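Below is one structure, written out as structure tokens; the observations come after it.
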Amino acid sequence: MIKIVLAEDQGMLLGALSALLDLEKDMQVIGKATNGKEAIDLVNKLKPDICIMDIEMPIKTGLDAAEELTNHDCKIIILTTFARKGYFERARAAGVSGYLLKDGPSDDLANAIRTIMDGHRVYAPELIDQGYSMTNPLTNREIQVIELVSQGKSTKEIADTLSITSGTVRNYISIILEKLNVSNRIEAISKFKENGWFK
């Protein structure tokens, strides 16, 4: 019997997924979570074979939880509506076994679970090409700068936080705009967020 923990913050979808998977003769949902922290707690407590997680959940996202469970025996499947390159890239870096989209047929999920239990990885086909073609172009320092910009910090505040000069911050911001191919800070934040590159 394949033991499963589900993590989904929409109650109706959580119930429907649970009911669907319980219909499979070789699967049993042993725990349900409504956020990433609950998912981690349930995985540690119940020791399931598989944890299926949404991405955008309160307290901890599915990606945060997946990163925390990287070295756990439980295999992680991300099940989301978001076919975003950055999310997929982050999920792969966390070592998830599957990344599937919610609009796929319900049979696909059960089949993916069995395939993953056989030691394979399963990614939604539409994600693979885009996931490999677009990676975050920013360096670690540039990421620190854009994260501080997104928090509404001024050039001087960013300079003080990172112990660099305001001129250096302005240089970093120019480089970030150029690399992301945008014309201002708001567009840069929006593009960075859209690609799921914020931690």
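The values are calculated or read from the model by the stated rules, or taken from the named source; none is laboratory data. This one's a predicted model, so the numbers in the text were calculated from it and none came from an experiment. Counting neighbours? That spans all protein chains shown, and the Cβs are built from the backbone with ideal geometry, glycine included. Ligands, DNA and RNA are excluded from the accessible area calculation, which covers all protein heavy atoms including side chains. Shrake-Rupley method; radii C 1.70, N 1.55, O 1.52, S 1.80 Å.
Between the entries (1) 54; (2) 50; (3) 59, the label attached to percent of Cα pairs over 20 Å apart calculated for this structure is (3). Label-to-label distance, Phe198 versus Asp160, with points set 7 angstrom from Cα along the beta-carbon direction: 2.2 nm. By definition, a body whose alpha carbon gyration tensor gives a ≥ b ≥ c is oblate when a/c is 1.5 or more and a/b is not larger than b/c, and segment 78-121 fits this oblate description. Computed over the chain, the per-residue total of -39500 (n - 2.57) for DSSP H runs of n ≥ 4 gives a 222 nm mean residue ellipticity of -15500 deg cm²/dmol, rounded to 500.
Figure note: Asp49, Asp108 ranked by solvent-accessible area, largest first, 1.4 Å probe, ligands and nucleic acids not counted: Asp108, Asp49.
Subtracting the Cα-Cα distance of Lys25 and Arg121 from their residue separation scaled by 0.36 nm leaves 32.4 nm.
Rolling a 1.4 Å probe over the protein chains gives Thr165 an accessible area of about 80 Å². The dipole here belongs to segment 96-191: it is taken about the Cα centre, uses +1 on the Cβ of Lys and Arg and -1 on the Cβ of Asp and Glu, and is about 420 debye. Remark: spin-label model distance Leu46-Ile59 equals 1.4 nm, labels positioned 7 Å along the Cα→Cβ axis. Among Ile78, Ile55, Ile116, the largest mean-square fluctuation in a Gaussian network model of the chain, built with springs joining Cα atoms closer than 10 Å, belongs to Ile116. What is segment 105-198 by shape, rounded, prolate or oblate, if you read a ≥ b ≥ c off the alpha carbon gyration tensor as root eigenvalues and call it rounded for a/c under 1.5, prolate for a/b larger than b/c, and oblate otherwise? Taking the square roots of the gyration eigenvalues as a ≥ b ≥ c, segment 105-198 is prolate.
With a cut-off of at most 16 other beta carbons within 10 Å, and DSSP calling the residue loop, which trypsin sites (Lys or Arg not before Pro) in segment 19-66 qualify? Please list them.
On the way: sites: Lys25, Lys32, Lys37, Lys45, Lys60; in loops: Lys25, Lys60.
Passing sites in segment 19-66 are Lys25.
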